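J.: I have a structure here, written as structure tokens, and I will follow up with some questions on it.
The values are calculated or read from the model by the stated rules, or taken from the named source; none is laboratory data. Since the model is a prediction, treat every value here as computed from it, not as a measurement. Positions of Cβ are backbone-derived with ideal geometry, glycine not excepted, and every protein chain shown enters the neighbour counts.
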Amino acid sequence: MPDKPTWCGHLEEVCAELRALPYPWVDRPTLERMLRVRRRRAQQILQPCVHQQVGTNGVADREELIVHLRRLASGESVYYERRRRERFARVLTNLNQAWTEQAKTLVEAPVGIVNQELADLPAGIGLRPGEITVQFSTTVEALEKLLAIAMAAGNDLDGFERLIQKGSPR
């Protein structure tokens, strides 16, 4: 039995699939597919229920296997795995809640930049079809010019699109 049996999370669906089988026995490949486990793990789970051989493969009674799977799923390792997953889900929920409730930090822009127009962009900014160039000497100046472009584009999106897509060089 693995330390963290992931198939336990969908045990009810597995039991329903097992009961829907057209025959009363289950072989290893069927169990492998239903539990989404590898060959060896399927063999280990199936082995205590095998009472018949079909060729070289052992087969288990479907109802006996379902009882065995439920017994395995109620074991200690499953209990701890479920608790671990619940704690993890709570942590994710709390982080998501904290993120959505946290006030977003806004950057205050000077009024001149907020009302920026495409025609009055600062010197050192070039807008041409398929190209935007920004010349600056400090990081603050670079950020101010990038913000000016963004604000001007937001204030006149149609004009910005004309300049960038097919307009004349500025």
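J.: Return yes or no: is GLU32 charged (D, E, K, R), in the same structural domain as ARG82 (by TED's automatic domain parsing) and within 26 Å of ARG84 (Cβ to Cβ)?
T.: Yes.
Every residue, every condition in (1) at pLDDT 85 or above; (2) assigned to a helix (DSSP H, G or I); (3) aromatic (Phe, Trp, Tyr), yes or no:
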{"residue": "GLU64", "(1), (2), (3)": "yes, yes, no"}
{"residue": "ARG71", "(1), (2), (3)": "yes, yes, no"}
{"residue": "ARG83", "(1), (2), (3)": "no, yes, no"}
{"residue": "ARG90", "(1), (2), (3)": "yes, yes, no"}
{"residue": "ALA109", "(1), (2), (3)": "no, no, no"}
{"residue": "ALA119", "(1), (2), (3)": "yes, yes, no"}
{"residue": "ALA123", "(1), (2), (3)": "yes, no, no"}
{"residue": "LEU147", "(1), (2), (3)": "yes, yes, no"}
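J.: Same structure, new question: Quick one: would you say ALA60 is within 29 Å of ARG84 (Cα to Cα), among the small types (Gly, Ala, Ser) and either in a helix (DSSP H, G or I) or touching a Cys at 6+ places or on another chain (Cβ under 8 Å) (or both)?
T.: No.
J.: If you don't mind, there's one more thing I want to ask. Tell me, please, whether a residue that is over 30 Å from LYS145 (Cβ atoms), over 29 Å from the mean Cα position of the chain (by Cα), among the hydrophobic types (A, V, I, L, M, F, W, C) and surrounded by 10 or more Cβ atoms within 10 Å (Cβ to Cβ) can be found in the stretch 47-56.
T.: So far as the stretch 47-56 goes, yes, one or more of its residues are over 30 Å from LYS145 (Cβ atoms), over 29 Å from the mean Cα position of the chain (by Cα), among the hydrophobic types (A, V, I, L, M, F, W, C) and surrounded by 10 or more Cβ atoms within 10 Å (Cβ to Cβ).
J.: Residue under question is LEU118, and the condition is that it be under 25 Å from ALA150 (Cβ atoms) and aliphatic (A, V, I, L, M); does it hold?
T.: yes
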